[in-house]
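K.L.:
This is the structure I want to talk about, given as structure tokens.
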Amino acid sequence: MADKARYERSVAEPIAAELIALLTPCCERLEIAGSLRRGSPTVGDIELLCVPKPSDNPFFVDALDEGVKAMLASGRLDLRPSIDGRTAYGPRNKLLVHTVSGIGVDIFSTTVENWGMALVVRTGSKQFNIRVMSRFRQLGMRGEAYGGIIDQEGQRYNCPDEETIFRWLGWQY
């Protein structure tokens, strides 16, 4: 498999800022995640995490869906196939490409109640996320990217912020 293209931070940041400006009216909350948030000098894509606002239009899942589909119709974004060659565009994950630059844009949706868990997972590197989920297993719990934390008895706990995750893990935030 060919190496994934890398983009300088100076290329990705203005595109991320443009997308955030366009999508902010569609979201209750919206933040950059992934390697751009981690401060990497180069990135493979732009990852955005959001809590979509509801839409009054019955033809759209939510306001984010409405905003993204407008950008698809305008040609600013296009669908991007995943590693297995299929496009992924659903209520939680949207794999897209910024058409002018060619940089991938991944938009992930979550809830206010589990913003923290989603932000940790969507910001962390693969190795960090493995450590997080392994630590939960050591504690007899399970972490879910979209569902918070489940303890030994099956009780589910919301994770509204990153501090909550680190408290459960017993790690300093």
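The values are calculated or read from the model by the stated rules, or taken from the named source; none is laboratory data. Given the structure is predicted, the values throughout are model-derived calculations rather than measurements. Every residue, glycine as well, gets a Cβ built from its backbone with ideal geometry; the counts of neighbours run over all protein chains shown. Accessible surface is based on the protein model in full, side chains and every heavy atom, while ligands, DNA and RNA are left aside. Shrake-Rupley method; radii C 1.70, N 1.55, O 1.52, S 1.80 Å.
K.L.:
Would you be able to tell me the number of residues in region 1-59 that are free of Cβ contacts under 8 Å to residues at least 12 places away in the same chain and among the polar types (S, T, N, Q)?
P.N.:
Of the residues in that region, 4 qualify.
K.L.:
Let me ask another. Here are Asp78, Asp84: which of them is open to solvent by 20 Å² or more (accessible area, probe 1.4 Å) and in a loop (DSSP other than H, G, I, E, B)?
P.N.:
Going through Asp78, Asp84 in turn, the sole match is Asp84.
K.L.:
Let me ask something additional. Could you tell me how many of the residues in region 111-133 are open to solvent by 10 Å² or more (accessible area, probe 1.4 Å), in contact with a strand residue (DSSP E or B) (Cβ under 8 Å, 6 or more places away or on another chain) and more than 11 Å from Gly143 (Cβ to Cβ)?
P.N.:
Of the residues in region 111-133, 5 are open to solvent by 10 Å² or more (accessible area, probe 1.4 Å), in contact with a strand residue (DSSP E or B) (Cβ under 8 Å, 6 or more places away or on another chain) and more than 11 Å from Gly143 (Cβ to Cβ).
K.L.:
Out of everything in region 134-145 that is touching a helix residue (DSSP H, G or I) at 6+ places or on another chain (Cβ under 9 Å) and assigned to a loop (DSSP other than H, G, I, E, B), what residue ends up being most open to solvent (accessible area, probe 1.4 Å)?
P.N.:
Checking each candidate, the answer is Leu139.
K.L.:
Restricting attention to region 7-57, which residues are assigned to a loop (DSSP other than H, G, I, E, B), at pLDDT 95 or above and either over 17 Å from the mean Cα position of the chain (by Cα) or under 22 Å from Gly75 (Cβ atoms) (or both)?
P.N.:
Pro41, Pro54 - these are the residues of region 7-57 that are assigned to a loop (DSSP other than H, G, I, E, B), at pLDDT 95 or above and either over 17 Å from the mean Cα position of the chain (by Cα) or under 22 Å from Gly75 (Cβ atoms) (or both).
K.L.:
Restricting region 146-161 to residues that are under 12 Å from Trp115 (Cα atoms) and in a loop (DSSP other than H, G, I, E, B), which is farthest from the chain's Cα centre (by Cα)?
P.N.:
The residue in question is Asn158.
K.L.:
Kindly evaluate Tyr89 against the criterion of being in contact (Cβ under 8 Å) with a residue 40 or more places away in the chain, under 15 Å from the mean Cα position of the chain (by Cα) and at negative phi.
P.N.:
In short, no.
K.L.:
Considering only region 75-83, I want to know if a residue exists there that is closer than 12 Å to Val105 by Cα, over 19 Å from the mean Cα position of the chain (by Cα) and at pLDDT 90 or above.
P.N.:
Yes, region 75-83 contains at least one residue that is closer than 12 Å to Val105 by Cα, over 19 Å from the mean Cα position of the chain (by Cα) and at pLDDT 90 or above.
K.L.:
Residues being in contact (Cβ under 8 Å) with a residue 24 or more places away in the chain and open to solvent by less than 50 Å² (accessible area, probe 1.4 Å): count how many of those fall in region 147-158.
P.N.:
Matching residues across region 147-158 total 3.
K.L.:
Let me ask you something else. Which residues, taken from region 61-73, are over 23 Å from Gly147 (Cα atoms) and either in contact with a helix residue (DSSP H, G or I) (Cβ under 6 Å, 6 or more places away or on another chain) or not β-branched (Val, Ile, Thr) (or both)?
P.N.:
If the condition is that a residue be over 23 Å from Gly147 (Cα atoms) and either in contact with a helix residue (DSSP H, G or I) (Cβ under 6 Å, 6 or more places away or on another chain) or not β-branched (Val, Ile, Thr) (or both), then Glu66, Gly67, Lys69, Ala70, Met71, Leu72, Ala73 are the ones that fit.
K.L.:
Residues in region 88-110: is at least one assigned to a loop (DSSP other than H, G, I, E, B), surrounded by 20 or more Cβ atoms within 10 Å (Cβ to Cβ) and hydroxyl-bearing (Ser, Thr, Tyr)?
P.N.:
Yes: one or more hits.
K.L.:
Yes or no: region 114-136 includes at least one residue that is within 12 Å of the chain's Cα centre (by Cα) and of a type in the set (D, E, K, R).
P.N.:
Checked region 114-136: at least one residue is within 12 Å of the chain's Cα centre (by Cα) and of a type in the set (D, E, K, R).
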